[in-house]
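First up is the structure itself, then whatever we jot down about it.
The values are calculated or read from the model by the stated rules, or taken from the named source; none is laboratory data. All values derive from a computational prediction rather than experimental measurement. Neighbour counts run over all protein chains shown; Cβ positions are idealised from the backbone, glycine included. Accessible surface is based on the protein model in full, side chains and every heavy atom, while ligands, DNA and RNA are left aside. Shrake-Rupley method; radii C 1.70, N 1.55, O 1.52, S 1.80 Å.
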Amino acid sequence: MEAYRHSIITALQILAAGVLFWVLATLKTPWNAQRCIGTALAVVGISLIGLARYQLGRSFAIRAEAHELVTHGLYSKIRNPIYVFGVVMATGVILVVQRPGLWIVLVALVVGQVIRARREARVLEDAFGDAYRDYRRQTWF
């Protein structure tokens with residue numbers, strides 16, 4: 001059952017990345033500097049989300065769970081790279097669609113990611129104790 005759930009989540013993420021690329025390429029906004037920078041940020045963001053997701057492997061969960069403490073790859077520098085690069089991707093999308101009101105959505109996203117990261121930190125600290133505290137001191141967000 002766990003492998004099935006993992007496969008479904010991975011397939012949905014791949015589909016979402018494909019939809020994002022399609023939207024970025026076909027949007028009717030002009031190809032100005034803002035759209036070019038936004039497209040670059042969105043592509044870098046979604047690519048690094050994919051890499052972080054791959055490095056997390058079966059430790060990925062929708063709700064905070066402690067399977068194993070992943071400390072390699074992107075996770076050797078950033079505790080929550082999926083959240084960080086999600087904000088990069090969202091910033092890029094906002095620049096591409098050129099709708100200033102979406103910056104409020106980005107602020108809400110950042111607040112939500114910080115709350116979720118703190119919740120996950122408590123779960124990981126309870127499960128891994130000093131190993132997690134040492135890891136936390138050596139990494140950013």
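Conditions (1) over 20 Å from residue 123 (Cα atoms); (2) in contact with a helix residue (DSSP H, G or I) (Cβ under 7 Å, 6 or more places away or on another chain), marked per residue:
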position	(1), (2)
9	yes, no
14	yes, no
33	yes, no
36	yes, no
51	yes, yes
58	no, yes
84	no, no
100	yes, no
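Tell me, yes or no, whether the stretch 68-75 has at least one residue that is of a type in the set (S, T, N, Q) and part of a helix (DSSP H, G or I). Scanning the stretch 68-75 turns up no residue that is of a type in the set (S, T, N, Q) and part of a helix (DSSP H, G or I). Just one residue in the set 94, 62 is closer than 19 Å to residue 114 by Cα and either crowded, with 19+ Cβ neighbours inside 10 Å or at pLDDT below 90 (or both); that residue is 62.
Within the stretch 46-63, being among the basic types (Lys, Arg), outside any loop (DSSP other than H, G, I, E, B) and over 12 Å from the mean Cα position of the chain (by Cα) holds for one residue alone: 58.
When you check residue 43 against the structure, is it farther than 19 Å from residue 121 by Cβ and either more than 11 Å from the chain's Cα centre (by Cα) or open to solvent by 20 Å² or more (accessible area, probe 1.4 Å) (or both), yes or no?
On the way: farther than 19 Å from residue 121 by Cβ: yes; either more than 11 Å from the chain's Cα centre (by Cα) or open to solvent by 20 Å² or more (accessible area, probe 1.4 Å) (or both): yes.
Yes.
Taken together, 105, 84 contain a single residue that is touching a strand residue (DSSP E or B) at 6+ places or on another chain (Cβ under 8 Å) and either open to solvent by less than 60 Å² (accessible area, probe 1.4 Å) or in a helix (DSSP H, G or I) (or both), which is 84. Of all residues in the stretch 88-128, those satisfying the criterion of being in contact (Cβ under 8 Å) with a residue 24 or more places away in the chain and under 22 Å from residue 22 (Cβ atoms) are 88, 89, 90, 91, 92, 93, 94, 95, 96, 97, 98.
Quick check on the stretch 66-73. Is at least one of its residues β-branched (Val, Ile, Thr), within 24 Å of residue 112 (Cα to Cα) and open to solvent by 70 Å² or more (accessible area, probe 1.4 Å)?
So far as the stretch 66-73 goes, no, none of its residues is β-branched (Val, Ile, Thr), within 24 Å of residue 112 (Cα to Cα) and open to solvent by 70 Å² or more (accessible area, probe 1.4 Å).
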